[in-house]
Amino acid sequence: MTPIPFNKPYLHGRELVYIAEAVASGKISGDGSFSKRCHRFFEQRWGVGKALLTTSCTDALEMTALLLDIKPGDEVIVPAYTFVSTANAFVLRGARLVFADSQPDHPNICPRQVEALVTSRTRAIVVVHYAGVACDMDPILAIAKQHGVAVIEDAAHAIDSYHRGRALGTMGTFGTFSFHETKNVISGEGGLLAVNDPAFAARAEVIREKGTNRSAFFRGEVDKYGWVDIGSSFLPSDIIAAYLWAQLENLEAIQARRLAIWHRYQSALAPELPALGVELPTISEWATNNAHMFYLVTRDLDQRTRLIADLKAQGILAVFHYLSLHSSPYFREQHDGRPMPCSDKFTDCLLRLPMYYELSDSDVDRVSEAVISSLRSTG
Ligand SMILES: *Cc1c(COP(=O)(O)O)cnc(C)c1O
């Protein structure tokens, strides 16, 4: 039987044509014509204030910490169930991380916890729209407004997904996107910073260009450019942007196929899994589904371990996800000791099924049947 990988990067059509075009244009460093097309796409389609391509979502997150002047002693509220980059960006500036637990029925951050954790030292609240499903943003935005703290939306999973009609990544002070090969729209490595508060737009350009005002210089706004602030090199080559542009052009087709895969899994598994003690993904009433991920939540770690092994024996790669950051080897000594039972449950029990554009219907059926038969036989 042919193996079914968890993820597979793909060419949608014109990626190689556009890469050749970028090279032929004689400009393959950052902010060439493909980068500009990608920026405009985010600004026009989703109403991003100012869109800036970065070399990764990790870099976009690090830029937000620089833009907010995060310093030692500042507190940043972060979900415990997330990728390391969400937290690392702020630790690098000396911030104290304050972890918040997930919702019981979803890995997204719990707004009641956020409210209880805000102090006079809180500078930012970071939310992650897990699996592209919106966090409960109304209370979170209200808490942030009341206390005058920034909101950063880690929208790495969340391209083309919405909260009550507003695009994810456009509601916070900043939104950060990823085009890593495992996301819906890819460029190998790659990311984007959405600067939604115009007060940060000019400085974001400077920080991204090694602390220089080179972007303003190229627009003819200043007659020479120099070192005006701290910064680093956060902009990607136009070769990366060329790959990304070919994907963005085909966004509708990409999203439609992923949604078809997602619903095919759902139809096959929903009638069977609850009786076997396994939960399916939930989509909150305020959220849309961008089919970033199809995951299951098993009864316990043993059930998940057996299921992973059974699927692997049939050539199917299903993978678990984050390990709670509050109990990570790097952070556990610094954590304030509050238990994070929901985050721990997703650490032990969440399992992601293969999900990629080229996954065929028959492969989806093969995975679904293998999941059901494994759970039936081993319990
Ligand atoms: C993938 C991911 C990142 C990191 O994205 P890169 O582009 O690989 O840096 C950050 N946060 C979350 C939630 C992610 O899933």
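The values are calculated or read from the model by the stated rules, or taken from the named source; none is laboratory data. This is a predicted model, so every value here is computed, not measured. Here the Cβ is made from the backbone with ideal geometry for all residues, glycine too, and neighbour counts use every protein chain on show. Keep in mind that these areas ignore ligands, DNA and RNA; they rest on the heavy atoms of the full protein, side chains included. Shrake-Rupley method; radii C 1.70, N 1.55, O 1.52, S 1.80 Å.
So which residues in region 115-125 are touching a helix residue (DSSP H, G or I) at 6+ places or on another chain (Cβ under 6 Å) and either on the phi > 0 side of the Ramachandran plot or open to solvent by less than 10 Å² (accessible area, probe 1.4 Å) (or both), if there are any at all?
Going through region 115-125, the residues touching a helix residue (DSSP H, G or I) at 6+ places or on another chain (Cβ under 6 Å) turn out to be 115, 118, 125.
Within region 115-125, Ile125 is the sole residue that qualifies.
Please work out which residue is farthest from Asp363 (Cα to Cα), limiting yourself to region 239-259 and to residues that are free of Cβ contacts under 8 Å to residues at least 40 places away in the same chain and either in contact with a His (Cβ under 8 Å, 6 or more places away or on another chain) or not charged (D, E, K, R) (or both). Before the answer, list the steps.
If we filter region 239-259 for residues that are free of Cβ contacts under 8 Å to residues at least 40 places away in the same chain, which is where we start, we get 252, 256, 259.
So of that shortlist, the ones also either in contact with a His (Cβ under 8 Å, 6 or more places away or on another chain) or not charged (D, E, K, R) (or both) come out as 256, 259.
Numbers: Ala256: 17, Leu259: 15 Å.
Checked region 239-259; the qualifying residue farthest from Asp363 (Cα to Cα) is Ala256.
Working carefully through the options Ile261, Ile283, Ile308, find the one that is part of a loop (DSSP other than H, G, I, E, B) and closer than 30 Å to Ser187 by Cβ.
Every option except Ile283 fails the conditions.
Scan region 73-88 and tell me whether some residue there is open to solvent by 50 Å² or more (accessible area, probe 1.4 Å), free of Cβ contacts under 8 Å to residues at least 40 places away in the same chain and within 16 Å of the ligand (Cβ to nearest atom). Yes, region 73-88 contains a residue that is open to solvent by 50 Å² or more (accessible area, probe 1.4 Å), free of Cβ contacts under 8 Å to residues at least 40 places away in the same chain and within 16 Å of the ligand (Cβ to nearest atom). Tell me, please, whether a residue that is in contact (Cβ under 8 Å) with a residue 12 or more places away in the chain, touching a Ser or Thr at 6+ places or on another chain (Cβ under 8 Å) and closer than 22 Å to Pro104 by Cβ can be found in region 294-302. Among the residues of region 294-302, not one is in contact (Cβ under 8 Å) with a residue 12 or more places away in the chain, touching a Ser or Thr at 6+ places or on another chain (Cβ under 8 Å) and closer than 22 Å to Pro104 by Cβ, which makes the answer no. For region 111-118, the criterion of being without any contact (Cβ under 8 Å) to a residue 40 or more places away in the chain, out of contact with any Asp or Glu (no Cβ under 7 Å at 6 or more places or on another chain) and among the aliphatic types (A, V, I, L, M) is met by at least one residue. So, Ala167, is that one closer than 30 Å to Pro354 by Cα, within 16 Å of the ligand (Cβ to nearest atom) and at pLDDT 95 or above or not? Judged against the criteria, Ala167 is not a match. Step by step: first the residues of region 306-336, then only those that are farther than 30 Å from Leu97 by Cβ and free of Cβ contacts under 8 Å to residues at least 40 places away in the same chain, then the one that is farthest from the chain's Cα centre (by Cα). Which residue is that? Applying the filter and picking the extreme gives Ala313.
State all residues of region 89-102 that are more than 11 Å from the ligand (Cβ to nearest atom) and either open to solvent by 10 Å² or more (accessible area, probe 1.4 Å) or under 17 Å from Thr58 (Cα atoms) (or both); if no residue qualifies, say none. It would help to see each step written out before you state the result.
Initial filter on region 89-102 (more than 11 Å from the ligand (Cβ to nearest atom)): 90-102.
Answer for region 89-102, where residues must be more than 11 Å from the ligand (Cβ to nearest atom) and either open to solvent by 10 Å² or more (accessible area, probe 1.4 Å) or under 17 Å from Thr58 (Cα atoms) (or both): Phe90, Val91, Leu92, Arg93, Gly94, Ala95, Arg96, Leu97.
Screening Lys50 on (1) within 16 Å of the ligand (Cβ to nearest atom); (2) open to solvent by 10 Å² or more (accessible area, probe 1.4 Å) shows it passes everything except condition (1).
Here's the yes/no breakdown for (1) of a type in the set (Lys, Arg); (2) surrounded by fewer than 21 Cβ atoms within 10 Å (Cβ to Cβ); (3) modelled with pLDDT of 95 or more:
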| position | (1), (2), (3) |
| --- | --- |
| Ala287 | no, no, yes |
| Met293 | no, no, yes |
| Arg304 | yes, yes, yes |
| Ser324 | no, no, yes |
| Pro341 | no, yes, yes |
| Leu351 | no, no, yes |
| Ser368 | no, yes, yes |
| Gly379 | no, yes, no |
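In region 104-128, of all residues being out of contact with any Leu (no Cβ under 7 Å at 6 or more places or on another chain), farther than 14 Å from Tyr81 by Cβ and assigned to a strand (DSSP E or B), the one that is nearest to the ligand (Cβ to nearest atom) corresponds to Ile125. If you go through region 179-201 and pick out every residue that is over 13 Å from Thr64 (Cβ atoms), surrounded by 15 or more Cβ atoms within 10 Å (Cβ to Cβ) and away from the ligand (no atom under 16 Å from the Cβ), you end up with 0.
Identify, please: which residue in region 144-177 is open to solvent by 10 Å² or more (accessible area, probe 1.4 Å) and among the polar types (S, T, N, Q) and is, among those, nearest to Asp197 (Cα to Cα)? Taking the candidates together, the pick is Thr173. Among helices (runs of 4 or more DSSP H) entirely within region 1-84, having at least 1 residues that are on the phi < 0 side of the Ramachandran plot and under 18 Å from the mean Cα position of the chain (by Cα) singles out 33-46, 57-67.
Here Leu351 passes the criteria (1) part of a helix (DSSP H, G or I); (2) closer than 18 Å to Leu307 by Cβ except the one numbered (1).
Screening Gly175 with (1) assigned to a loop (DSSP other than H, G, I, E, B); (2) within 12 Å of the ligand (Cβ to nearest atom); (3) touching an Asp or Glu at 6+ places or on another chain (Cβ under 6 Å) gives one miss only, at (1).
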